[in-house]
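Here the structure is laid out as structure tokens; the discussion comes afterwards.
The values are calculated or read from the model by the stated rules, or taken from the named source; none is laboratory data. Please read all numbers here as calculations on a predicted model, not as lab measurements. Please note: Cβ atoms are built from the backbone with ideal geometry, for glycine as well, and neighbour counts cover all protein chains shown.
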Amino acid sequence: MTSAVSIRGVEKRFGSLRALDQVSLEIEQGEFFALLGPNGAGKTTLISALGGLVRPDAGQLAVMGHDVAADYRLARARLGIVPQEIVFDPFFSVRETLFIQAGYFGIPRSAALTAWVDELLHKLALTVKADNNMRQLSGGMKRRVLVAQALVHRPPVIVLDEPTAGVDVELRQTLWAFVRELNQAGHTILLTTHYLEEAQQLCQRIAMLKQGRVVALERTEDLLSAFSDRVLRVKIEGSLKADLAARARPADDGWIEFVLHDLAEVEPLLASLRSTGVAVRRMEVTEPDLEEVFLHVMETH
Amino acid sequence: MAGIGFRTLLYKEVLRFWKVAFQTIAAPVLTAVLYLLIFAQALRGTTEPFPGVSYAQFLVPGLAMMSMLQNAFANSSSSLIQSKITGNILFILLPPLSHWDLYWAYLLASVARAIAVGAGVFLVAVLMADVPVRHPLWGLAFALIGSGMLGAMGIIAGLWADKFDQMAAFQNFIIMPLTFLSGVFYSIQGLPPVWQAVSHLNPFFYVIDGFRFGFFGQADVSPWLSLAVASTAFLAVSLVTVGLLKSGYKLRH
């Protein structure tokens with residue numbers, strides 16, 4: 001099957017800065033894919049190159065098999081990008097903005113478009129503001145309009161560049177529920193975010209960029225298991241015997257941690273504690289953490 | 001598909017100035033009428049610029065065209081620079097719009113505003129000075145070519161300028177001198193030979209002179225020469241504009 005997004009050997013320099021350095025990625029249709037990296041890693045430059053806003057010095061980018069330069073009309077018609085910055089046109093209402101954006105993509109005014117615009121407004125909790133001028137909207141609402149604008153032409157590939165920056169918890173949940181729904185309906189999602197727990201919960205695969213290079217590209221679960229472990233955390237009464245003390249690592253607030261390579265290690269560990277007269281007062285198992293993986297990858301590359 | 005994209009951008013550009021018509025149409029009409037009142041009053045009794053044409057009558061087409069040129073330029077340039085500075089230029093860069101879509105949409109919206117302003121100036125001015133319209137098609141041709149040329153120049157300025165002060169410089173140091181020194185307020189026949197020669201290098205002169213021919217059937221130079229020069233200038237500016245849009249100059253990095 002044709003890749004939803006194909007990025008091959010893409011390079012981009014801005015003066016002496018190498019913003020993208022031989023970046024190659026293939027994102028399959030229907031994937032929920034995360035592109036992570038610190039500020040300045042090249043995430044937005046890569047997304048901009050996909051949208052034709054940045055012209056790479058070398059390499060090829062394609063959306064649903066259409067080259068973003070040679071077949072730009074076909075490529076752009078299949079791509080919806082939610083930009084990182086909140087931008088809006090102060091001359092128009094929310095509804096006008098959406099109809100105009102649909103028109104740019106060649107979609108005629110019709111009952112079907114009106115129904116889709118109404119659905120977008122409803123899903124993004126914008127219905128009551130539909131006829132308000134964009135200037136009258138809060139920052140969070142303007143961001144929701146940007147999401148609606150990116151979806152108004154029903155693109156098979158949706159790129160969300162830090163869509164939840166500065167967005168309250170309720171809206172974040174609403175947005176993710178909607179994006180999940182779109183993903184389940186077959187849309188490919190490419191997400192960049194600094195909220196790593198979002199990427200961990202939502203995305204099937206993750207790429208990490210650092211200084212314009214791809215430094216990690218794995219399935220989320222593989223990345224987590226390769227670089228991060230589950231941890232058994234306990235608060236105890238009594239002192240640990242030498243063999244258990246060697247495995248334990250002290251943590252904040254009196255917690256003691258045991259790294260688990262497998263959940264099956266929990267029971268024998270607790271049995272060992274019991275058998276040596278140590279009473280467990282509190283206990284929790286922490287799951288692998290993408291933040292830990294992220295820091296590890298960034299430090300080692 | 002391309003047709004709908006272009007039409008939507010044109011609609012949006014027209015709506016953009018129409019929503020603030022008080023500022024974009026009524027204000028320039030008022031300014032032109034004030035010019036007419038003051039100059040016509042101050043210079044009443046001066047020699048007729050053309051036989052049988054009073055100075056007040058002579059002024060009307062020139063002022064109408066000057067307003068059209070300035071507003072055609074203002075429309076495309078301000079729309080582009082505002083979109084670039086606020087960042088909403090993204091909305092037209094991400095969709096599958098071609099450089100031709102952008103060129104024609106910005107150009108025709110500029111022409112639409114220019115025609116609205118020109119018609120407004122003319123309608124108010126004829127209440128004050130009885131102006132004949134002897135060759136309406138000539139007048140219309142120069143109205144379209146002139147506002148098209150300035151609409152295209154506005155696109156160039158909007159692409160080139162990164163800041164509002166750069167845009168103001170383009171307007172004040174290029175557009176305004178070319179407009180004011182084009183024979184809006186006088187017939188170049190009354191100028192010394194050197195300044196007559198300089199005026200003949202200014203394409204705006206031919207636009208205004210040709211437009212005036214449409215009203216009085218008289219002009220400083222042949223309307224055919226004016227048509228040739230104005231059309232060539234429009235074509236040259238358009239080629240540069242389309243080239244810049246196609247290259248993504250200051251839009252796609």
Original post:
For residues in segment B:96-155 being touching a helix residue (DSSP H, G or I) at 6+ places or on another chain (Cβ under 6 Å) and charged (D, E, K, R), which is surrounded by the fewest Cβ atoms within 10 Å (Cβ to Cβ)?
Top reply: B:Asp101
**OP:** Would you check which residues across segment A:7-17 are touching a strand residue (DSSP E or B) at 6+ places or on another chain (Cβ under 7 Å) and either surrounded by fewer than 20 Cβ atoms within 10 Å (Cβ to Cβ) or farther than 15 Å from A:Ile47 by Cα (or both) and list them?
**Re:** A:Arg8, A:Gly9, A:Glu11, A:Arg13
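Looking at A:Ala49, A:Ala4, A:Ala19, can you tell me which residue is among the small types (Gly, Ala, Ser), in contact with a Gly (Cβ under 9 Å, 6 or more places away or on another chain) and closer than 17 Å to A:Pro83 by Cα? Working first, answer last.
Details: A:Ala4 fails: closer than 17 Å to A:Pro83 by Cα; A:Ala19 fails: closer than 17 Å to A:Pro83 by Cα.
The conditions single out A:Ala49.
For every residue, the table says whether it meets (1) surrounded by 21 or more Cβ atoms within 10 Å (Cβ to Cβ); (2) touching a residue at least 12 places away in the same chain (Cβ under 8 Å); (3) touching a helix residue (DSSP H, G or I) at 6+ places or on another chain (Cβ under 8 Å).
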| residue | (1), (2), (3) |
| --- | --- |
| A:Ala19 | yes, yes, yes |
| A:Pro38 | no, yes, yes |
| A:Met64 | no, yes, yes |
| A:Arg76 | yes, yes, no |
| A:Thr97 | yes, yes, yes |
| A:Ser110 | no, no, no |
| A:Ala125 | no, yes, yes |
**OP:** For segment A:208-269, please list each of the strands (runs of 3 or more DSSP E) lying entirely inside it that holds at least 2 residues being closer than 30 Å to A:Asp21 by Cβ.
**Re:** A:213-219
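Residues B:Ala143, B:Ala168, B:Ala197: which one is in contact (Cβ under 8 Å) with a residue 12 or more places away in the chain and not charged (D, E, K, R)?
Exactly one residue qualifies, and that residue is B:Ala143.
Tell me, which residue of segment A:212-225 that is modelled with pLDDT under 85 and surrounded by 15 or more Cβ atoms within 10 Å (Cβ to Cβ) is farthest from A:Thr45 (Cα to Cα)?
Here is the first cut: in segment A:212-225, the residues modelled with pLDDT under 85 are A:216, A:218, A:220-225.
Okay, now just the ones that are also surrounded by 15 or more Cβ atoms within 10 Å (Cβ to Cβ), so A:216, A:218, A:220, A:223-225.
Details: A:Ala216: 18, A:Glu218: 21, A:Thr220: 23, A:Leu223: 24, A:Leu224: 26, A:Ser225: 30 Å.
Checking each candidate, the answer is A:Ser225.
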Original post:
Given the conditions (1) in contact with a Leu (Cβ under 8 Å, 6 or more places away or on another chain); (2) touching a residue at least 60 places away in the same chain (Cβ under 8 Å), and given that B:Ala116 satisfies all but one, which numbered condition is not satisfied?
Top reply: (1)
Subject >> Members of segment B:87-117 found to be within 21 Å of the chain's Cα centre (by Cα) and within 28 Å of A:Ile47 (Cα to Cα), listed by number >> reply: B:Trp100, B:Asp101, B:Leu102, B:Tyr103, B:Ala105, B:Tyr106
Subject >> Sole residue being at positive phi and among the hydrophobic types (A, V, I, L, M, F, W, C), chosen from A:Ala111, A:Ala130, A:Ala77, A:Ala125 >> reply: A:Ala125
Original post:
Only one of these conditions is not met by B:Thr241: (1) buried (at least 22 other Cβ atoms within 10 Å of the Cβ); (2) polar (S, T, N, Q); (3) without any contact (Cβ under 8 Å) to a residue 40 or more places away in the chain. Which number is it?
Top reply: (3)
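Residues checked against (1) of a type outside the set (Asp, Glu); (2) under 24 Å from A:Glu287 (Cβ atoms); (3) out of contact with any His (no Cβ under 7 Å at 6 or more places or on another chain):
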residue	(1), (2), (3)
A:Glu170	no, no, yes
A:Trp176	yes, yes, yes
A:Glu181	no, no, yes
A:Gly186	yes, no, yes
A:Leu191	yes, yes, yes
A:Leu196	yes, yes, yes
A:Ala199	yes, yes, yes
A:Arg205	yes, yes, yes
Subject >> Test set (1) in contact with a strand residue (DSSP E or B) (Cβ under 8 Å, 6 or more places away or on another chain); (2) closer than 30 Å to A:Arg219 by Cα; (3) more than 8 Å from chain B (Cβ to nearest Cβ); (4) surrounded by 20 or more Cβ atoms within 10 Å (Cβ to Cβ) - A:Val54 fails condition number >> reply: (3)
**OP:** Only residues that are assigned to a loop (DSSP other than H, G, I, E, B) and loosely packed, with under 13 Cβ neighbours inside 10 Å: list them for segment B:157-170, please.
**Re:** B:Asp162, B:Lys163
Original post:
Only one of B:Val242, B:Val229 is within 20 Å of the chain's Cα centre (by Cα) and closer than 30 Å to A:Ala49 by Cα; which?
Top reply: B:Val242
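Residues are listed down the side, and each one gets a yes or a no for (1) away from every other protein chain (no Cβ under 14 Å); (2) part of a helix (DSSP H, G or I); (3) of a type in the set (Ser, Thr, Tyr):
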| residue | (1), (2), (3) |
| --- | --- |
| B:Ile155 | yes, yes, no |
| B:Asn172 | yes, yes, no |
| B:Phe205 | yes, yes, no |
| B:Phe211 | yes, yes, no |
| B:Asp220 | yes, no, no |
| B:Val242 | yes, yes, no |
| B:Leu245 | no, yes, no |
Original post:
Of the residues B:Ile38, B:Ile85, B:Ile25, B:Ile81, which single one is of a type in the set (Val, Ile, Thr), assigned to a helix (DSSP H, G or I) and within 13 Å of chain A (Cβ to nearest Cβ)?
Top reply: B:Ile85
**OP:** Restrict the check to segment A:228-237 and report whether at least one residue is free of Cβ contacts under 8 Å to residues at least 40 places away in the same chain and under 34 Å from the mean Cα position of the chain (by Cα).
**Re:** no
Original post:
Among the residues of segment B:4-22, which ones are closer than 30 Å to B:Gln57 by Cα and either more than 10 Å from chain A (Cβ to nearest Cβ) or in contact with a strand residue (DSSP E or B) (Cβ under 9 Å, 6 or more places away or on another chain) (or both)?
Top reply: B:Ala21, B:Phe22
